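Since the structure comes first, as structure tokens, the remarks are kept for the end.
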Amino acid sequence: MARGRWPSGGAYIPTITLGIPGNTVTAVILAGLITHGISPGPSLFRNEVQLVYAIFIGLFVSNISCLYCSTP
């Protein structure tokens, strides 16, 4: 049931690190970052450290909640 959501998580890595969207969802996220003046890529890790940590923690919490909700 939750397997359909897992492959999209790996698409965030090239979006955040290189600025290349992996699918349509990450393309929208990339457009939102650029709209707010945040340039994705290696400079993101130097200039916006708190944002990167917030994204990683959010993805971790969402994965744990998906695992919890899919367990019978």
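The values are calculated or read from the model by the stated rules, or taken from the named source; none is laboratory data. The model shown is predicted, which means the values in this text are computed figures rather than measured ones. Glycine gets a Cβ as well: all are built from the backbone with ideal geometry, and neighbour counts include every protein chain shown.
A compact table of results
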read-out	value
Answer residue from the range 36-72, given it is polar (S, T, N, Q) and assigned to a helix (DSSP H, G or I) and is farthest from Pro21 (Cα to Cα) among those	Ser70
Members of the range 39-50 found to be of a type in the set (A, V, I, L, M, F, W, C) and at pLDDT 90 or above, listed by number	Val49
Conditions (1) modelled with pLDDT of 85 or more; (2) closer than 17 Å to Leu51 by Cα; (3) within 12 Å of the chain's Cα centre (by Cα): number failed by Tyr12	(1)
Selection from the range 17-72 of residues that are surrounded by 12 or more Cβ atoms within 10 Å (Cβ to Cβ) and in contact (Cβ under 8 Å) with a residue 60 or more places away in the chain	Cys66
